[in-house]
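The values are calculated or read from the model by the stated rules, or taken from the named source; none is laboratory data. The shown structure was predicted, so the numbers you read here are calculated from the model rather than taken from an experiment. Ideal geometry is used to build each Cβ from the backbone, glycine not excepted, and the neighbour counts take in all protein chains shown.
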Amino acid sequence: MSTTYLEAIREAQKKLLQDDSRVYIYGQDVGAFGGAFKATKNLADAFPGRVLDAPISEDAMVGSAIGAAIEGMRPIIEMQFSDFSVTAFNQIINQAATLYWRTQVACPITIRMPSGANPGSGPFHSQNLEALYAHVPGLVVLAPATVPDAYTMLLEAVEIDDPVIFCEHKYLYNRLKIDRLTPSELTFNHARVARVGRDITIVSYSAMVPEALFAAEILEREGVLAEVVDLRCIKPLDIETVIASVARTGRLLCVDESWPWGGVNAEVIAQVTTRGFHLLDAPPQRLNGKDTPVPFHPNLWNVHKPSSKVIALKARELLKW
Amino acid sequence: MSTTYLEAIREAQKKLLQDDSRVYIYGQDVGAFGGAFKATKNLADAFPGRVLDAPISEDAMVGSAIGAAIEGMRPIIEMQFSDFSVTAFNQIINQAATLYWRTQVACPITIRMPSGANPGSGPFHSQNLEALYAHVPGLVVLAPATVPDAYTMLLEAVEIDDPVIFCEHKYLYNRLKIDRLTPSELTFNHARVARVGRDITIVSYSAMVPEALFAAEILEREGVLAEVVDLRCIKPLDIETVIASVARTGRLLCVDESWPWGGVNAEVIAQVTTRGFHLLDAPPQRLNGKDTPVPFHPNLWNVHKPSSKVIALKARELLKW
Amino acid sequence: MLNTLMEETREVVAPDLREQYVEAFTWMLLARIVEEKLASLWRAGKIAGGVYLGKGQEAISAAIAVMLKPDDIFGPLIRDQAGRLAFGEPLADVFRNHFGTLTSPSRGRDGNVHRGRPKEGYHSMISHLGSLISVVAGALLARRFQGDTSAIGATCIGDGGTSTGAFHEALNLAAVEKLPLVVVVTNNQYAYSTPNNRQFACRNLVDRAVGYGIEGYSMDGTDLRDCLEVARYATDRARSGHGPQMIVGTCLRLTGHAEHDDASYVDKKLLSRFAGRDCLQIAGSYIQSQQWADQSQIERWKEKAKYEIEEALAKVQREPHSDPKEETWCPYATGVLARTER
Amino acid sequence: MLNTLMEETREVVAPDLREQYVEAFTWMLLARIVEEKLASLWRAGKIAGGVYLGKGQEAISAAIAVMLKPDDIFGPLIRDQAGRLAFGEPLADVFRNHFGTLTSPSRGRDGNVHRGRPKEGYHSMISHLGSLISVVAGALLARRFQGDTSAIGATCIGDGGTSTGAFHEALNLAAVEKLPLVVVVTNNQYAYSTPNNRQFACRNLVDRAVGYGIEGYSMDGTDLRDCLEVARYATDRARSGHGPQMIVGTCLRLTGHAEHDDASYVDKKLLSRFAGRDCLQIAGSYIQSQQWADQSQIERWKEKAKYEIEEALAKVQREPHSDPKEETWCPYATGVLARTER
Ligand SMILES: Cc1ncc(C[n+]2csc(CCOP(=O)(O)OP(=O)(O)O)c2C)c(N)n1
Ligand SMILES: Cc1ncc(C[n+]2csc(CCOP(=O)(O)OP(=O)(O)O)c2C)c(N)n1
Ligand SMILES: [Mg+2]
Ligand SMILES: [Mg+2]
């Protein structure tokens, strides 16, 4: 029996509810309905009273999770779409993210953020907001790119004693599938070399990892061996793994479908160039989503974010440098 | 008669109210009271009905400004502290920032953000949130570092047909003073070489500019000529001016009192290294506020953000590279 | 404070409303048929993304919109196809925005119900529920600054949307400023799958009006006559300086949340109850009972609607789609910023 | 639904409250005197940042706190010095947090009123008004999950804070979950300089209760007896499963917004009115009129308060201040993250 990325998220939640009485799930339509994406399907039935429908009140949803965490619970908040998390922005960045620093009381909440777009999702059901959250001290930002990571990192997220922004990618929900669900080998705070190479390092995360891997395949046919690093944890960044890869390849291409200004790519480049400048044989490069809202029309949407083709093109350019 | 940074902001608003009937000011306590920092002192009296006290409803304040802008007004919203703007985050990043892109209708609103800390301000009256806003497409983020810029850039902000996040620094309010208020020579979208040098480029903005200039003085005594670039406009960045400076000096030190991850420094370094890599003789470096909330205690606060001493130290290190 | 229109005034009022009733009915009819078309286009895979329909709440939506004048302001939400048309939306825009053509109000950048022509007083919603109310309030504030004392504004929200902080802040702000804003709450019993009892705990959402110090009315959202009476009363009150008005209409969402949703969670008992009645059928029967139109006239209206819809669709199908190469990819209105590296 | 306590029940209730009255009064006294100390320390330049005082609203604050039990939850706001002490805050913490000593609840990282001991049910506010209410609601939700059905929670907010979206969402959520939450709204007529008429348009903020479907009471915030009666009633109702309770106490802020503010904008007429009375004086007279204590007893309480304050202050003044070198500069609780480059 195969498992999809979405099913892995559901399985992780099921296991958490089973194993840990401190866990509950709160979010719009997560109860009997099983959530807008069915990530909590059947869980309300299996765990009566522990999977609760919330009113359309993201601020209060997160606030209540913080209060529950203070009292020893381990809440999982499902945002219906990552885009709606910004109406809870204050609770997340000011109340949750600072709690431990202000009071020495941990704030173990997990906020599940269905991120990224499918064709036709439009500007407000498509956002990748990891950089907004990663900018803020005190938050852990995770972004699994594989089925095992979706499962394992969600289990870890709930165990982490700090607020976790769990960015799960909607494009991967049903498109990623594995035959047997096995746990990840790495812990959440480590990046992963998703493909070994020697000519160029492509750093990426979430739904851009498969895209980077496609690009690496294209490049391999041309004799170029690209190393693909999957960041996994956006904040804090495991920059050691990235730098170690750049030390081998001398070239860095960062790929991220979100907005460029101050995004994940910018931070990776800043960390690599300030600490591993001498390792670079060419300027670091980045590919981002365009600096506009995510467009509705599939034609526009298709070119808004980097594709494997564009990644391969940019890699070739960089290799010529 | 001298003019402070704060007075310049008041004068600009006065002139705007005088010259442009589309302008009004809305914010908590901005009316008869003249605002928490007195930035609107006497304006309600002088312009009856055009300087209005708002309820403690940042979301609705900004929402209403967007509606008024659609109808042709040019609202100025005063956030009592930049920190409170995040309760309007959704209106700012999703409604205002996307309006033109979605509808081809401009959204000329100016949001004044008293930013940065004074000793004892604590985590929630001290934030520098420019990076959060700059990450989002559609917003213009300005951060004046001088009295003329505080005046001129606010006049420009209101003329700009897009939503402007106007980051004015509370530490500068009464500490910066000039004898005669003259307008800036540059338009808002240009960075400024605040001090000409040749050995190292120190890029900075807002209250870190005076700090960088102090550092440059310290360095000059040691025979080092630092060039100081004041970004002025955080989004979009005038990277040409930065790159031109780096082309002269070969060394880049970015100084920003806000949080490091994905901050202004990260973006400047990403843009400079991707486009002007060959100009760098040493790794770019950055100095940020620490990755924690801004602390209350003056002892902690003092070391949370970069000081001229630390800047000079880092510059010396970089010059040895 | 008036919490509901008094029963006895209704019979007196009704005859006056014949014209608006018939007008509203034809918009409801057009909305229902165009939505059926959208649903079938969606099933045929012709529409990317979601399709959100207003079946069951056309009376509420049309009633408020027919009471608005061209210079008024209207901020409709997801299920206001009827109101949009009544406020003057060209039929072609419906298809344009669902296909994302280059000719659509958003040039393909946004889709489906995210459309409007804000400069014409017809606002374009974002997804974040509740956030449009303060925008409409601000537009009315602007009108006041500009000396326009005759225009009013109306905006719509669902039972679920009333739980947002944005809803609260906007109503309170409008009340403090005494703006001529009519907020129409359509309580269709569900927010996506979430029933009222998981959304709020008050008896009736109209009970919130007193907490804002504004006037509030509840109405039977399945009965166009009731909707028109209340909408007329509330818009008159707003227009004559009585500040914000809250209307709460009760009905049932007679469709899924969006076309991908079969609404299997809807309590079947509700369908046989009051709220579950179909406002369009009721209005059709009422029109006939009043002899304002007979069955064949209604059939002719339907045919006309279908014809107009087919015509608009055919036209839109020939219009160009968004082309990434023609897209400026610039989120700024300010000329000088279009050329800047960001 | 009960919108206010009925007059006739009061005389019956009052005698029962002697013990709580006296207790509350001593906390009010202690709070008043410690705040006077804070103000003079501020004037002497000994405190960095703002000093926010609760003068004029000690009765409301103390009344709710004396009705709480040690296992209950309390989320006070800026002007709740009296309630904080009554809930068990050590006096020393007041000075610690204003000086930002290393021994302070926040280790000098946050200051003044931003203090608490959340693990002991005493919550630590952030500045953003309204945002604490849902936190306290969530703590109560946790208690329910954990099978604790006896604890209740109380939290405080000002007239200005009721305009926040956070306030609305939290009250609605608490109502839906029927949580034993008491929300105490202190209407002290002003939010900083902003008077009620620029903040809301309803007759009385208690009118909001019905819109959430919760029980609401208004009370005279200058009269400790009234405050105690209502606080007892509301806490009893919450404890016995009647869901969220809203209390609105009326008074006047008898001080500036913070110590830098001379409050010159306050309408002088208010001072001579009902709301402008000093709750501490009224309570002192009442205690004497009831012969629960005489003037000299009250003086002794004052002396005791002063002594305790001086003692606490002297102790805190010898405690170490935050030292940047000892500061970990790590915002994470998770061990493995303390060592990671961020
Ligand atoms: C702030 C916010 N949170 C979540 C959503 C996701 N969402 C879209 S529609 C909807 C249900 C809306 O229910 P209601 O307001 O009753 O309107 P209806 O669909 O019944 O017309 C939800 C939760 C949203 N649009 N905005
Ligand atoms: C969301 C938010 N916006 C603005 C502020 C700034 N602010 C601090 S206190 C205050 C006035 C509060 O008034 P009120 O709630 O009536 O409490 P009071 O000071 O009268 O006790 C304001 C506007 C804030 N703390 N939070
Ligand atoms: Mg609904
Ligand atoms: Mg107040």
For the condition surrounded by 21 or more Cβ atoms within 10 Å (Cβ to Cβ), hydroxyl-bearing (Ser, Thr, Tyr) and within 28 Å of residue D:301 (Cβ to Cβ), what is the one hit in D:106, D:61, D:124?
D:61
Could you please find all residues in region C:235-272 being in contact with a helix residue (DSSP H, G or I) (Cβ under 8 Å, 6 or more places away or on another chain) and either in a helix (DSSP H, G or I) or within 16 Å of ligand 2 (Cβ to nearest atom) (or both)?
C:235, C:270
Qualifying residue in region B:197-211 (condition: assigned by TED's automatic domain parsing to the domain that holds residue B:148, aromatic (Phe, Trp, Tyr) and either within 22 Å of residue B:117 (Cβ to Cβ) or crowded, with 23+ Cβ neighbours inside 10 Å (or both))
no
Against the definition (at pLDDT 95 or above and assigned to a strand (DSSP E or B)), how does residue B:292 come out, yes or no?
no
Residue, nearest to residue C:199 (Cα to Cα), within region D:189-216, restricted to residues that are more than 11 Å from ligand 4 (Cβ to nearest atom), part of a helix (DSSP H, G or I) and not aromatic (Phe, Trp, Tyr)
D:211
Within the bounds of region A:153-165, is there any residue that is hydrophobic (A, V, I, L, M, F, W, C), under 30 Å from residue A:70 (Cβ atoms) and in a strand (DSSP E or B)?
yes
Scanning region D:157-184 residue by residue, those touching a residue at least 60 places away in the same chain (Cβ under 8 Å) and more than 9 Å from ligand 2 (Cβ to nearest atom) turn out to be D:171, D:174, D:175, D:178, D:179, D:180, D:181, D:182, D:183, D:184
Answer residue from region C:174-201, given it is polar (S, T, N, Q) and within 11 Å of ligand 1 (Cβ to nearest atom) and is surrounded by the fewest Cβ atoms within 10 Å (Cβ to Cβ) among those:
C:196
Per-region count, region C:69-126, residues within 14 Å of chain A (Cβ to nearest Cβ) and over 24 Å from residue C:142 (Cβ atoms):
17
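Which members of region D:288-310 meet the condition of being among the aliphatic types (A, V, I, L, M), under 22 Å from the mean Cα position of the chain (by Cα) and within 16 Å of residue D:25 (Cβ to Cβ)?
At the first step, the residues of region D:288-310 found to be among the aliphatic types (A, V, I, L, M) are D:293, D:298, D:305, D:309.
Right, trim to under 22 Å from the mean Cα position of the chain (by Cα) and you get D:305, D:309.
Within region D:288-310, just D:305 meets the criteria.
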Looking at region C:218-239, can you tell me whether even one residue there is within 14 Å of chain D (Cβ to nearest Cβ) and touching a residue at least 60 places away in the same chain (Cβ under 8 Å)?
yes
Mind listing whichever residues of region C:147-173 are more than 7 Å from ligand 1 (Cβ to nearest atom) and more than 14 Å from chain D (Cβ to nearest Cβ)?
C:147, C:148, C:149, C:150, C:151, C:152, C:153, C:154, C:155, C:156
Can you name every residue in region A:87-112 that is more than 10 Å from chain D (Cβ to nearest Cβ) and more than 19 Å from residue B:87 (Cα to Cα)?
A:110, A:112
Do you know which residues across region B:17-63 are out of contact with any Pro (no Cβ under 9 Å at 6 or more places or on another chain), away from chain C (no Cβ under 14 Å), more than 16 Å from ligand 4 (Cβ to nearest atom) and not small (Gly, Ala, Ser)?
B:18, B:19, B:30, B:38, B:40, B:41, B:42, B:43, B:45
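Does residue D:258 satisfy the condition of being more than 14 Å from chain C (Cβ to nearest Cβ), away from ligand 3 (no atom under 16 Å from the Cβ) and closer than 27 Å to residue B:61 by Cβ?
On the way: more than 14 Å from chain C (Cβ to nearest Cβ): yes; away from ligand 3 (no atom under 16 Å from the Cβ): yes; closer than 27 Å to residue B:61 by Cβ: yes.
When the stated conditions are applied, residue D:258 passes them.
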With (1) touching a Lys or Arg at 6+ places or on another chain (Cβ under 8 Å); (2) within 14 Å of another protein chain (Cβ to nearest Cβ); (3) in a loop (DSSP other than H, G, I, E, B); (4) closer than 26 Å to residue B:194 by Cα as the list, and residue B:126 as the residue in question, which single condition is left unmet?
(1)
For region C:165-188, which residues satisfy the criterion of being away from ligand 3 (no atom under 16 Å from the Cβ) and in a strand (DSSP E or B)?
C:181, C:182
For region A:69-86, check the following and say yes or no: at least one residue is farther than 23 Å from residue A:151 by Cα, of a type outside the set (Phe, Trp, Tyr) and more than 10 Å from chain D (Cβ to nearest Cβ).
yes
